[in-house]
Amino acid sequence: MNFTPEKKTTNIILLITAFVIVSLILWNTNSFFKKFKEEERFKMEIWAAAQYELQSMPADAEIGNLPIFVFQKNTSTPMILINKDGSIKVNNFPKEHEHDSIYIQRKIVEFEEQNTPIAIGDNLEQLATLYYGNSEVLNKLKYYPIALMLIIFLFGAMIFFFFKTNKASEQNKLWAGMAKETAHQIGTPLSSLLGWNELLKAENINQDITKEIEKDITRLETITERFSKIGSTPKLEEHNIVEETKSAYEYLKLRSSKLINFSFNTKVENVPVMMNPSLYNWTIENLVKNGIDAMRGKGNIAIEILLDNNYVKIHIADTGSGISKSDYQNIFNPGFTSKKRGWGLGLSLVKRIIEEYHKGKIKVLSSNKEGTIMQISFKIANV
């Protein structure tokens, strides 16, 4: 998905069109409901007229076919007829409630709220009052707009998540492509550096200089290997996570400012974990560098390794300014950063390496003005 002005305009048009269609459907449904309700009222008025004819005719008179036909045809609308003598007659009620006076009184109140009662009689005398409720069809039709809105909402949510997933997939492919291209581009000058270093050795240059150059070349080779693994499933092998963590710690300690106090603490020496050392070391470096940035180059970095049943937990603590609780999850989103400079990719990459590639967990264990503790968890191998 791109976000060009043309694409935005298309999305707005589609959104407005969808809104208009939904509005028309709801308006049409509401109009149909009102019309159906009016027709039901008319049907009840016919029933009331037939009832008036029945009650006003002499006792010995013969009932015509029309009133009988009207009474027989009304089988869906629930009604309560209260005669002037106080007697009550119900129609289209559940059999178990036909003689339940409490239920009938409750229904009278309910029907009066739904529809205006119909007086049966003439100007001189009121013979009865008819209370009627909505038919089963009308009740179902009343909830139709709600069901329609729910369906539209679910359909819209499905489309939204589809495009969001599609966008994330495209972004992942883009970052993976950029990473692999970076690894490819680094490879050419790296080969040249290897050759130049061999020439320096042949010229009997100070060995300390060539050794440091070799270290930096090795470092570049490691970075190239890391970038080349992005976008593909890395090979996991059993390694001692204590040793790998200590290796990353020592490298960072030697190359960081003397204003940073490093500490490493572990009560265990060998904890086997299925991992890719190159990518794991990358996550440790990212977390430590983030901590150093949060401390503005001065403070304490502490790494601690703990066992918790079948899991090993690595804590990386700093004495920086902390993270607001509302951002505990946001910091792992691509593009999110609190720095003035930066692309906000470091922690999203760390999360992907830990959770997608290594099936581990990473989270903010705690954070306040005194500092932050990040926690990485792995399942111990062969347990």
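The values are calculated or read from the model by the stated rules, or taken from the named source; none is laboratory data. All figures in this text were calculated on a predicted structure; none of them were measured in a lab. When we count neighbours, we look across all protein chains shown, and the Cβ atoms used for this are built from the backbone with ideal geometry, even at glycine. For the accessible areas, the whole protein counts, side chains as well, though only heavy atoms, and no ligand, DNA or RNA atoms are used. Shrake-Rupley method; radii C 1.70, N 1.55, O 1.52, S 1.80 Å.
Numbers for the structure displayed
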item	result
Test for SER76: is it among the small types (Gly, Ala, Ser) and under 20 Å from LEU127 (Cα atoms)	no
Search result, residues across the range 18-47 that are at pLDDT 80 or above, within 30 Å of PHE153 (Cα to Cα) and surrounded by 15 or more Cβ atoms within 10 Å (Cβ to Cβ)	PHE36, LYS37
Residue list for the range 259-307, restricted to those being assigned to a helix (DSSP H, G or I), surrounded by fewer than 20 Cβ atoms within 10 Å (Cβ to Cβ) and either touching a Phe, Trp or Tyr at 6+ places or on another chain (Cβ under 6 Å) or polar (S, T, N, Q) (or both)	SER278, ASN286
The range 168-193, residues that are at pLDDT 70 or above and exposed (fewer than 14 other Cβ atoms within 10 Å of the Cβ)	PRO189, SER191, SER192
Among residues of the range 318-350, those that are modelled with pLDDT of 90 or more and either in a helix (DSSP H, G or I) or out of contact with any Ser or Thr (no Cβ under 7 Å at 6 or more places or on another chain) (or both), counted	1
Candidate set from the range 115-167 (those that are among the polar types (S, T, N, Q) and farther than 18 Å from MET44 by Cβ); member that is modelled with the highest pLDDT	ASN123
Qualifying residue in the range 86-100 (condition: polar (S, T, N, Q), out of contact with any Lys or Arg (no Cβ under 7 Å at 6 or more places or on another chain) and assigned to a strand (DSSP E or B))	yes
Subset of the range 308-336 (residues that are hydrophobic (A, V, I, L, M, F, W, C) and open to solvent by 40 Å² or more (accessible area, probe 1.4 Å))	ILE323, PHE336
The range 48-75, residues that are open to solvent by 80 Å² or more (accessible area, probe 1.4 Å), under 17 Å from ASN92 (Cβ atoms) and in a loop (DSSP other than H, G, I, E, B)	THR75
Any hit, the range 212-229, residues being basic (Lys, Arg), in contact with a Phe, Trp or Tyr (Cβ under 6 Å, 6 or more places away or on another chain) and buried (at least 17 other Cβ atoms within 10 Å of the Cβ)	yes
Residues satisfying the stated conditions in the range 361-370, i.e. within 22 Å of PHE264 (Cβ to Cβ) and either within 21 Å of the chain's Cα centre (by Cα) or surrounded by fewer than 21 Cβ atoms within 10 Å (Cβ to Cβ) (or both)	LYS361, ILE362, LYS363, VAL364, LEU365, SER366, GLU370
Residue check, ILE88 in contact with a helix residue (DSSP H, G or I) (Cβ under 9 Å, 6 or more places away or on another chain), open to solvent by 70 Å² or more (accessible area, probe 1.4 Å) and under 15 Å from THR129 (Cβ atoms)	yes
Qualifying residue in the range 105-121 (condition: over 54 Å from the mean Cα position of the chain (by Cα) and of a type in the set (Ser, Thr, Tyr))	no
Pick from the range 122-141, criterion open to solvent by 80 Å² or more (accessible area, probe 1.4 Å) and within 46 Å of the chain's Cα centre (by Cα), ranking: farthest from PHE33 (Cα to Cα)	GLU136
Enumeration of residues in the range 100-110 that are within 22 Å of GLN55 (Cβ to Cβ) and open to solvent by 50 Å² or more (accessible area, probe 1.4 Å)	none
SER247 on the phi < 0 side of the Ramachandran plot, modelled with pLDDT of 70 or more and part of a strand (DSSP E or B)	no
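Table: residues versus (1) within 21 Å of LYS35 (Cβ to Cβ); (2) in contact with a strand residue (DSSP E or B) (Cβ under 6 Å, 6 or more places away or on another chain); (3) open to solvent by less than 30 Å² (accessible area, probe 1.4 Å).
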| position | (1), (2), (3) |
| --- | --- |
| LEU81 | no, yes, yes |
| HIS97 | no, no, no |
| LEU148 | yes, no, yes |
| LEU154 | no, no, no |
